[in-house]
1. Please go through region A:176-197 and give me each residue that is within 13 Å of B:ASP155 (Cα to Cα), in contact (Cβ under 8 Å) with a residue 40 or more places away in the chain and either more than 22 Å from the chain's Cα centre (by Cα) or facing another protein chain (nearest Cβ under 7 Å) (or both), ordered by number.
2. When you go through A:ALA24, A:ALA56, A:ALA34 one by one, which is the residue that is more than 10 Å from DNA strand C (Cβ to nearest atom) and within 14 Å of another protein chain (Cβ to nearest Cβ)?
3. If A:GLY49 meets every condition in (1) assigned to a helix (DSSP H, G or I); (2) within 11 Å of DNA strand C (Cβ to nearest atom); (3) surrounded by 14 or more Cβ atoms within 10 Å (Cβ to Cβ) apart from one, which number is that one?
4. From the set of residues in region B:78-114 that are in a helix (DSSP H, G or I) and of a type in the set (Val, Ile, Thr), which is farthest from the chain's Cα centre (by Cα)?
5. Go through region A:149-163 and give me each residue that's more than 7 Å from chain B (Cβ to nearest Cβ) and assigned to a helix (DSSP H, G or I).
6. Just to check your reading of the model, which residue among A:GLU75, A:GLU29, A:GLU60, A:GLU64 is part of a helix (DSSP H, G or I), farther than 17 Å from A:VAL122 by Cβ and not aromatic (Phe, Trp, Tyr)?
7. Could you count how many residues in region B:130-156 are without any contact (Cβ under 8 Å) to a residue 24 or more places away in the chain, surrounded by fewer than 16 Cβ atoms within 10 Å (Cβ to Cβ) and out of contact with any Leu (no Cβ under 6 Å at 6 or more places or on another chain)?
8. Considering A:SER50, A:SER36, A:SER15, which residue is of a type in the set (S, T, N, Q), away from DNA strand D (no atom under 13 Å from the Cβ) and more than 26 Å from A:ILE131 (Cβ to Cβ)?
Number of protein chains: 2
Amino acid sequence: MAPPAARSLPAAAESRKVILDTAARLFREEGYAAVSLRDLAAACGMKAGSLYYHFASKDEIVAEVLRIGVERAFEEVSRAVDPLPKKTAPAEVFRVAVHAHLRTLLELHDYTSANIRIFGQVPPAVRAAHIELRDAYERKWSDMLNRFPLAAGIDPRLVRFFLIGAMNSTLEWFHTGPATVDDIAEQLTQVFVRGFVKP
Amino acid sequence: MAPPAARSLPAAAESRKVILDTAARLFREEGYAAVSLRDLAAACGMKAGSLYYHFASKDEIVAEVLRIGVERAFEEVSRAVDPLPKKTAPAEVFRVAVHAHLRTLLELHDYTSANIRIFGQVPPAVRAAHIELRDAYERKWSDMLNRFPLAAGIDPRLVRFFLIGAMNSTLEWFHTGPATVDDIAEQLTQVFVRGFVKP
DNA sequence: GTCTATATTTGGATAGAC
DNA sequence: GTCTATCCAAATATAGAC
């Protein structure tokens with residue numbers, strides 16, 4: 001038998017994708033607890049019971065949304081940074097990475113924004129199972145920061161925490177529209193690398 | 001009639017305070033949706049129905065917790081910053097303010113940490129009613145930032161967003177213990193004012 | 001694969017006794 | 001002021017028909 005055409009998924013996989021895409025969007029918009037399986041099913045054009053053909057529980061759905069969210073960000077940042085020439089200045093690598101992370105979070109993927117938005121709301125067991133993947137992604141950021149010569153008294157672990165906190169909190173105000181992703185990436189880089197005060 | 005002794009509140013006010021203190025602690029620990037009124041009442045040594053003598057709804061309780069959370073931070077930062085001599089260097093004012101905010105968030109008040117933790121989880125109406133007070137507090141930060149001469153191309157509104165995001169996200173990792181509040185305040189100030197890279 | 005129907009639990013909220 | 005008892009709505013999850 002010939003394989004199915006590349007553009008169309010088998011029915012089950014197709015439904016699964018619709019459910020996950022919709023869940024990511026609703027979680028991003030409304031938070032974890034506010035989205036019931038009835039809401040989710042209705043938004044997919046299904047009934048709640050049908051979800052259980054594809055997933056064993058709400059936890060399983062949200063765990064998959066979280067996982068894909070980090071993976072997308074990881075991929076986008078890697079795709080932007082890895083091809084840069086070896087001799088690229090650390091600050092330029094940094095700016096490109098920040099831009100890729102912000103674009104994924106703010107413009108590209110509901111999965112990533114859902115991840116940031118609901119991570120603190122999901123059941124502790126789900127959160128615990130997700131930590132390892134988050135850590136792997138954050139290690140990529142540590143590697144980038146470690147290419148810089150550090151100012152005296154600066155702990156690079158704290159810089160990474162500050163940076164990730166500042167990047168992810170853009171989700172809470174980006175829609176108010178004071179700046180574009182390009183603006184934010186550029187200025188965030190300048191603030192972290194050289195400070196916001198006139199030299 | 002003589003007023004009651006200063007250290008003891010009237011019974012109703014006392015119960016109200018117990019409920020709010022306990023709610024703040026539970027919200028901080030478990031999030032908004034995870035705390036039921038039965039849980040809250042039990043932790044206060046009461047039954048769920050009794051809460052309704054003091055508050056009309058769960059929303060009213062959480063709104064009060066949010067309000068007190070910002071007020072405490074506002075008070076602590078004002079108390080630390082306002083008495084400084086007029087000629088104090090902007091960077092020193094900044095450091096003192098960051099220290100006061102972080103200490104309130106990380107060591108002093110369950111209300112403030114609950115606010116940061118659950119703000120994104122409460123019903124939209126509660127959030128909307130709370131925005132004005134948050135804005136007033138953030139204006140205090142804008143005033144401090146505006147005392148600095150800015151580097152070229154820097155929008156002080158973005159700096160304020162980055163700063164508040166970085167400060168509040170400490171809540172997610174402070175318990176892992178890589179640094180004290182003093183360390184964090186010192187290094188956060190240095191990173192924002194002069195950057196983390198060796199000059 | 002998706003449906004209908006329903007079991008089961010849990011939540012916020014109310015009424016009235018004490 | 002706090003209790004007991006209860007209402008009502010909503011949630012996750014399951015069973016079995018189609």
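The values are calculated or read from the model by the stated rules, or taken from the named source; none is laboratory data. In this text the structure is predicted, and so the values were computed from the model without any measurement. Please note: Cβ atoms are built from the backbone with ideal geometry, for glycine as well, and neighbour counts cover all protein chains shown.
1. The answer is A:ILE184, A:LEU188.
2. Answer to the check: A:ALA34.
3. (3)
4. B:VAL93
5. A:PRO156, A:ARG160, A:LEU163
6. Checking each option against the conditions leaves just A:GLU75.
7. 12
8. Numbers: A:SER50 fails: away from DNA strand D (no atom under 13 Å from the Cβ); A:SER36 fails: away from DNA strand D (no atom under 13 Å from the Cβ).
Result: A:SER15 is the single residue among A:SER50, A:SER36, A:SER15 that is of a type in the set (S, T, N, Q), away from DNA strand D (no atom under 13 Å from the Cβ) and more than 26 Å from A:ILE131 (Cβ to Cβ).
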